[in-house]
Amino acid sequence: MPPRRLAPSPAPAVHRTLAGSHLAVLTMIVCTGCDARDPDQTAQPGAGDARAGRRAIAQIECGVCHVIPGVPGARGQVGPTLAGFARRAYIAGSVPNEPQHLLQWILDPPSISPSTAMPRMPITPEQAHDMVAYLYTLK
Ligand code: HEC
């Protein structure tokens, strides 16, 4: 009997390690989910729904002031065309074109550029997230 005790099976240790890493992965997934649900915290390209964004852009009538490919009737000339927007380096020439900045721009343009002619519009953070997703499809 004693010799068997000298060579214990490694299985329990392996199981513990696997359980630990599963827990770590699970924690990461749960936390990513938390962030994605908080519209003011994250704006990853892909966090929004591009199709819903296109609908919201049409509904809010951003096209009164912008040319926006894929949005019927969006032929406005007040602001710059949004064709190829994903490749633009800066938003309104003032902040780097990153999802977080774009989200803020859409929700509240004067907070980035106080003298801009683009007004603040009554849109929800969720609509803004969706618009961000759509605008980054314009390559
Ligand atoms: C009343 C006209 C007007 C409306 C409506 C409007 N915009 Fe604008 N937008 C502008 C103007 C003007 C600029 C240029 C701002 C500047 O350079 O200061 C601009 C700039 C932008 C930019 C930055 C473009 C770039 O190349 O730098 C984006 C993105 C944008 N608008 C998206 C939207 C979206 C999305 C909507 C609808 C929710 C919208 N705009 C509605 C006038 C408007």
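The values are calculated or read from the model by the stated rules, or taken from the named source; none is laboratory data. Just so we're clear, the structure is a prediction, and the values are computed from it rather than from any experiment. Virtual Cβ from ideal backbone geometry, glycine too; neighbours counted across all protein chains shown. All accessible areas refer to the heavy atoms of the entire protein, side chains included, with ligands and DNA or RNA removed. Shrake-Rupley method; radii C 1.70, N 1.55, O 1.52, S 1.80 Å.
May I ask you to order 129-135, 70-76, 83-89 by the average number of other C-beta atoms within 10 Å around their residues, highest value first?
Numbers: 129-135: 24.4, 70-76: 14.4, 83-89: 12.9.
The packing order, highest mean first, is 129-135, 70-76, 83-89.
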Inset, instruction - Determine the relative contact order of segment 50-135: mean sequence separation of Cα pairs under 8 Å and six or more apart, normalised by residue count, in whole percent. - result: 33 percent
Legend entry - Positive dipole terminus of segment 50-135, leading residue within Gln100, Ala74, Thr124 (C-beta point charges): Ala74
Inset, instruction - State, to one decimal in nm, how far the label point of Gln77 lies from the label point of Asp108, with both points 7 Å from Cα in the Cβ direction. - result: 3.4 nm
Legend entry - Stokes-Einstein diffusion coefficient of segment 50-135, Kirkwood radius over Cα pairs, 25 °C, 0.890 mPa s, in µm²/s: 192 µm²/s
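Ranked from the most accessible area to the least, with a 1.4 Å probe and all protein chains present, what is the order of Ser113, Ser94?
Numbers: Ser113 25, Ser94 55 Å².
Result of the area sort, largest leading: Ser94, Ser113.
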